[in-house]
């Protein structure tokens with residue numbers, strides 16, 4: 001059977017007995033449907049509880065899949081809720097457990113066992129052969145970066161790690177055949193072997209729009225570094241806000257990885273310069289294990305004569321209904337804030353309300369629906385009302401792949417939050433294409449793996465990075 005999903009959570013109780021609660025994400029990954037009969041077997045010697053949708057010879061219990069109505073879609077989603085005193089010999093209340101989902105066609109198996117975490121030893125999975133370059137994403141969010149890589153046609157996602165359950169569900173919905181770990185990075189002990197490790201750590205602590213704590217209270221660098229190494233990747237790709245790259249979190253990761261990844265390039269890119277109408281200033285970094293990769297890669301440069309589309313080209317058709325809000329009410333609230341003499345008094349509204357001919361809008365943030373002056377909204381033709389951009393409009397603005405979708409059980413506000421935390425996919429695709437070109441040059445034009453053995457076996461004393469000025473620097 002193929003491992004499809006892992007999730008870590010803390011055991012709760014039901015009538016003072018240990019409770020196995022299989023969330024919707026777990027059941028859907030296993031292919032369980034409401035009403036299905038499941039068979040449960042406890043194995044004390046191996047300290048695991050097995051749940052299958054086909055009879056087990058040693059089965060000591062049966063349970064039926066129940067359901068819970070989703071408030072957004074109105075549809076029933078499968079859940080399993082079972083509690084027995086006999087489970088206590090294997091799992092206990094308030095204990096962290098690991099749930100693993102395995103699939104083989106119509107047959108599914110869920111294994112529940114106490115969490116066994118070893119910091120420096122990981123289970124490494126080798127996914128089925130795929131001729132494309134494979135990616136494993138750490139802190140994947142809903143999967144926008146992974147989708148942009150895959151949309152080039154050169155890359156294939158083999159797995160991801162994500163803490164938020166609904167974001168993990170979106171990822172699983174769009175990448176159903178890949179491995180997914182849903183839980184804290186610190187609890188992850190399984191990764192898929194990949195060519196490229198994509199690292200998109202949460203940016204809220206480093207962003208000027210977030211809490212700007214700089215990762216002091218949530219430093220995931222050691223855990224992320226451990227997972228990167230475990231993937232045995234050839235290249236690491238980082239995406240984050242510019243201030244992240246000055247933090248101890250990033251610098252410590254760089255220090256911890258420099259013995260394996262000697263060569264680094266970093267580049268600050270404004271999406272506006274690549275034809276997007278939405279500002280999104282991000283810094284990207286690529287780390288290379290091999291010198292020939294480093295020498296054959298360079299970040300894409302913005303086109304010299306860019307023609308930026310007008311906003312109207314991204315808007316929904318006239319048949320789509322939208323909710324308009326009175327502009328006068330918003331302006332009154334804004335004026336009251338200005339009168340208080342706070343930071344709002346210096347805020348320009350030039351890009352806050354725009355018409356259909358606009359060629360530049362502000363960055364679309366996670367809190368887009370909060371009606372902030374730092375966001376951009378569409379003015380009505382009579383300039384008396386405004387509205388939010390729809391999810392479909394934002395997808396077009398950020399060049400999200402057409403095949404990437406939200407499941408119908410994800411609420412509208414969360415959809416806005418997820419896409420507000422995402423990326424401008426045209427930038428990711430541009431970088432992914434240059435990485436694929438690098439791969440082709442080294443592996444094909446350069447003569448394949450044999451021609452680079454000498455370079456790979458060289459001993460290097462000092463790691464180097466290519467600065468923005470084009471000069472080489474050293475990582476000490």
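The values are calculated or read from the model by the stated rules, or taken from the named source; none is laboratory data. Here the structure is a predicted model, which means the values were calculated and not measured. With ideal geometry, Cβ positions are generated from the backbone for all residues, glycine too; neighbour counts draw on all protein chains shown.
Apart from one condition, residue 434 fits all of (1) closer than 17 Å to residue 144 by Cβ; (2) in contact (Cβ under 8 Å) with a residue 24 or more places away in the chain; the exception is (1). Would you check if residue 287 is free of Cβ contacts under 8 Å to residues at least 60 places away in the same chain and surrounded by 15 or more Cβ atoms within 10 Å (Cβ to Cβ)? Judged against the criteria, residue 287 is a match.
Can you name every residue in segment 383-394 that is in a helix (DSSP H, G or I) and crowded, with 21+ Cβ neighbours inside 10 Å?
First pass over segment 383-394, keeping only residues in a helix (DSSP H, G or I): 391-394.
None - no residue of segment 383-394 is in a helix (DSSP H, G or I) and crowded, with 21+ Cβ neighbours inside 10 Å, so the list stays empty.
Scanning segment 70-81 turns up at least one residue that is more than 27 Å from the chain's Cα centre (by Cα) and surrounded by fewer than 19 Cβ atoms within 10 Å (Cβ to Cβ).
Return the total of residues in segment 26-84 being free of Cβ contacts under 8 Å to residues at least 60 places away in the same chain and assigned to a strand (DSSP E or B). Residues meeting the conditions: 19.
Just so you know, in segment 303-322 the residues that are in a loop (DSSP other than H, G, I, E, B) and touching a strand residue (DSSP E or B) at 6+ places or on another chain (Cβ under 8 Å) include one that is farthest from residue 272 (Cα to Cα), and it is 322.
Counting just the residues of segment 141-175 that are surrounded by fewer than 22 Cβ atoms within 10 Å (Cβ to Cβ) and free of Cβ contacts under 8 Å to residues at least 40 places away in the same chain, which one comes out farthest from residue 195 (Cα to Cα)? So, considering only residues that are surrounded by fewer than 22 Cβ atoms within 10 Å (Cβ to Cβ) and free of Cβ contacts under 8 Å to residues at least 40 places away in the same chain, the one farthest from residue 195 (Cα to Cα) is 164.
I'd like to know if segment 91-105 contains one or more residues that are modelled with pLDDT under 95, surrounded by fewer than 18 Cβ atoms within 10 Å (Cβ to Cβ), closer than 21 Å to residue 177 by Cβ and in the same structural domain as residue 41 (by TED's automatic domain parsing). Yes. If you check 334, 297, 353 for being surrounded by 15 or more Cβ atoms within 10 Å (Cβ to Cβ), over 12 Å from residue 389 (Cα atoms) and free of Cβ contacts under 8 Å to residues at least 60 places away in the same chain, only one passes: 334. You will find that of 331, 253, the residue that is within 29 Å of the chain's Cα centre (by Cα), at pLDDT below 95 and assigned to a helix (DSSP H, G or I) is 253 and no other. In summary, helices (runs of 4 or more DSSP H) completely within segment 395-476 and bearing 1 or more residues that are at pLDDT below 95, over 17 Å from the mean Cα position of the chain (by Cα) and not assigned by TED's automatic domain parsing to the domain that holds residue 70 occur at 425-440, 453-456.
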